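**Student:** This structure is in structure tokens; I'll ask about it shortly.
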Amino acid sequence: MLFDFDGLPREKRAKLLLSTVVPRPIAWVVTRDEAGRVNAAPFSFFNVMGSNPPTLALGIARRPAGLKDTAANIKATGEFVVNLVPHRLAEAMNLTSFDAESGVDEIAAAGLTAQPSHRVAPPRIGESPVAMECKVMTLIEQESGHTIVLGEVLAMHLAEEAVMDVERCYIDTPALDLIGRMHGGGWYSRTTERFDMPRPAGINRYG
Ligand SMILES: Cc1cc2nc3c(=O)[nH]c(=O)nc-3n(C[C@H](O)[C@H](O)[C@H](O)COP(=O)(O)O)c2cc1C
């Protein structure tokens, strides 16, 4: 069945995209406003786009009343921290998605700990096993008010137990137990079911 997106209402386009492009990793984004107040919220319009420079992308929708705090803070300060979400923190992540008043610290509200960052002002979430300190490369402001953020990763924090070999940067990915966003109201996936398939011979790691 073909769905031509021309003339399709926004909600239907969203349904088609969000129920097929799955699982989406979740960026648990921490920002600060210009007064230094901390904000956290999850975003599944998220992925890594390249490694040279290390680039990631976020998609932040606009509320009828204006920009979400995350978009407003990123625009104002140019800095943010992307934390990843393990299964054990799924409920805490979900708690931080409520539409809190600007200036409410969702990290504290969810019982989590803010840890200082190394290169940027917004803190990271101490309980998360992976945190990436980022600065804005490009902001794309779409007509609908949607903000696409391209960010450069300046530094990464990893839980000690997930680092198998520091020199070679071997990471115990399964141990991170990260979750992904699926379809509909509240479906998520775990990364516990996997299979291994080596690339065909003769293809190098960039091919
Ligand atoms: C798992 C999950 C993924 C989400 N992904 C997005 C997203 O990609 N873009 C978006 O605009 N909102 C997304 N949201 C909703 C925001 O988290 C929510 O609007 C939040 O209140 C924004 O907070 P802020 O105003 O503090 O930035 C998501 C929520 C959840 C629970």
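The values are calculated or read from the model by the stated rules, or taken from the named source; none is laboratory data. No experiment lies behind these values; they were computed from the predicted model shown. Cβ placement follows ideal geometry from the backbone for every residue including glycine, while neighbour counts extend to all protein chains displayed. These area figures cover heavy atoms from the full protein model, side chains too; ligands, DNA and RNA do not enter into them. Shrake-Rupley method; radii C 1.70, N 1.55, O 1.52, S 1.80 Å.
**Student:** Please give the number of the condition residue 174 fails out of (1) within 16 Å of the ligand (Cβ to nearest atom); (2) under 25 Å from residue 88 (Cβ atoms); (3) open to solvent by less than 90 Å² (accessible area, probe 1.4 Å); (4) not acidic (Asp, Glu).
**Tutor:** (1)
**Student:** Here is a follow-up. Any residue in segment 13-34 that's closer than 13 Å to residue 183 by Cα and in a strand (DSSP E or B): show its pairings with residues that are within 12 Å of the ligand (Cβ to nearest atom) and of a type outside the set (A, V, I, L, M) at Cβ separation under 7 Å, as long as the two are six or more apart or on different chains.
**Tutor:** 24/44; 24/46; 24/180; 24/181; 25/46; 25/47; 25/180
**Student:** Count, please, the residues in segment 139-165 that happen to be without any contact (Cβ under 8 Å) to a residue 40 or more places away in the chain, part of a strand (DSSP E or B) and within 16 Å of the ligand (Cβ to nearest atom).
**Tutor:** 2
**Student:** Looking at the structure I just gave you, is residue 154 in contact with a Cys (Cβ under 8 Å, 6 or more places away or on another chain) and among the hydrophobic types (A, V, I, L, M, F, W, C)? Step through it out loud before you land on a result.
**Tutor:** Numbers: in contact with a Cys (Cβ under 8 Å, 6 or more places away or on another chain): yes; among the hydrophobic types (A, V, I, L, M, F, W, C): yes.
So residue 154 fits the description; yes.
**Student:** I'd like the residue in segment 95-124 that is open to solvent by 60 Å² or more (accessible area, probe 1.4 Å) and outside any loop (DSSP other than H, G, I, E, B) and, out of all such residues, is farthest from the ligand (Cβ to nearest atom).
**Tutor:** Result: 115.
**Student:** Just one of the numbered conditions (1) assigned to a loop (DSSP other than H, G, I, E, B); (2) exposed (fewer than 14 other Cβ atoms within 10 Å of the Cβ) is not true of residue 127; which one?
**Tutor:** (2)
**Student:** Of all residues in segment 39-69, which are of a type in the set (S, T, N, Q), surrounded by 15 or more Cβ atoms within 10 Å (Cβ to Cβ) and either part of a loop (DSSP other than H, G, I, E, B) or under 11 Å from the mean Cα position of the chain (by Cα) (or both)? Working first, answer last.
**Tutor:** Narrowing segment 39-69 to residues of a type in the set (S, T, N, Q): 39, 44, 47, 51-52, 55.
Of the ones still in play, those that are also surrounded by 15 or more Cβ atoms within 10 Å (Cβ to Cβ) are 39, 44, 55.
Matches in segment 39-69: 44 only.
**Student:** Let me ask something else. Name the single residue that is farthest from the ligand (Cβ to nearest atom) among those in segment 70-94 being surrounded by 18 or more Cβ atoms within 10 Å (Cβ to Cβ) and among the small types (Gly, Ala, Ser).
**Tutor:** The qualifying residue farthest from the ligand (Cβ to nearest atom) is 92.
**Student:** Turning to a different aspect of this structure: Restricting attention to segment 42-66, which residues are of a type in the set (A, V, I, L, M, F, W, C) and within 8 Å of the ligand (Cβ to nearest atom)?
**Tutor:** Step one: filter segment 42-66 for residues of a type in the set (A, V, I, L, M, F, W, C), giving 43, 45-46, 48-49, 56-58, 60-61, 65.
Selection gives 43, 45, 46, 58, 60, 61.
**Student:** Exactly one of (1) part of a loop (DSSP other than H, G, I, E, B); (2) touching a residue at least 40 places away in the same chain (Cβ under 8 Å) is unmet by residue 168. Its number?
**Tutor:** Unmet condition: (2).
**Student:** Can I ask one more? List the residue pairs whose Cβ atoms are under 6 Å apart, where the first residue sits in segment 91-105 and is more than 14 Å from residue 188 (Cβ to Cβ), the second is within 9 Å of the ligand (Cβ to nearest atom) and modelled with pLDDT of 95 or more, and the two are 6 or more positions apart or on different chains.
**Tutor:** Short answer, once both residue conditions are applied: 96/40; 96/41; 102/69.
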